[in-house]
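The values are calculated or read from the model by the stated rules, or taken from the named source; none is laboratory data. This structure is a prediction, so every number in the text was calculated from the model and none was measured. We place every Cβ from the backbone using ideal geometry, glycine too, and count neighbours over all the protein chains shown. Surface accessibility is based on the protein's heavy atoms, side chains included, excluding ligands, DNA and RNA. Shrake-Rupley method; radii C 1.70, N 1.55, O 1.52, S 1.80 Å.
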Amino acid sequence: MLEEGKPAREVAELIGVTIRSVYRWQEHQKNPPKKSERPPGRPSRLKKEQLEQLEQELLLGAYAHGYAEDYWTLERIGHVIWELFRIRYVPSGVWHVMERMGWSSQKVQRLAIQRDEEAIVAWKRKVWPRIKKVA
């Protein structure tokens, strides 16, 4: 509307905003704000090369870092980060680092040694329908 030659006051009344908003839009049109070079938020304390090194260390497994069982927890990963780079992270910060690396949380599924898949299937097919509550 401003480009068509209508005054700012008339444009403001037609749209239902203050005249100051119209002037601000007009100024924004003439001089758009510069975009930031970096993404918003605090920069990561770990550099890209350090993230790559951390990933290689994690792929070696927890045994390679002296743990009795071969799984990673946020606390263990935080300890490895400290040992490698002397940068301290709380577990929630480690979570964000892992997310940035493209890793996800996975819980080990524990199954009994004596588990019999065939017996389970048979039970689900024959016994469960008999004892299941009828809706």
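Quickly run through the stretch 85-124 and pick out the residues that are in a helix (DSSP H, G or I), open to solvent by less than 60 Å² (accessible area, probe 1.4 Å) and closer than 29 Å to residue 48 by Cβ. Across the stretch 85-124, the qualifying residues are 85, 91, 93, 94, 97, 98, 101.
For the stretch 64-79, a residue qualifies if it is over 26 Å from the mean Cα position of the chain (by Cα) and aromatic (Phe, Trp, Tyr), and exactly one does: 67.
Cβ-Cβ distances below 6 Å connect the following pairs, each with a first residue in the stretch 26-53 that is over 25 Å from residue 8 (Cβ atoms), a second residue that is part of a loop (DSSP other than H, G, I, E, B), and a separation of six or more residues or different chains: 45/87.
Summed over the stretch 10-63, the residues that are modelled with pLDDT under 90, among the basic types (Lys, Arg) and not in a loop (DSSP other than H, G, I, E, B) give a count of 1.
Would you say residue 59 is under 15 Å from residue 106 (Cβ atoms), aliphatic (A, V, I, L, M), open to solvent by 60 Å² or more (accessible area, probe 1.4 Å) and free of Cβ contacts under 8 Å to residues at least 40 places away in the same chain? Yes, satisfied.
In this structure, does residue 76 turn out to be within 30 Å of residue 2 (Cβ to Cβ), assigned to a helix (DSSP H, G or I) and of a type in the set (D, E, K, R)? It is false that residue 76 is within 30 Å of residue 2 (Cβ to Cβ), assigned to a helix (DSSP H, G or I) and of a type in the set (D, E, K, R).
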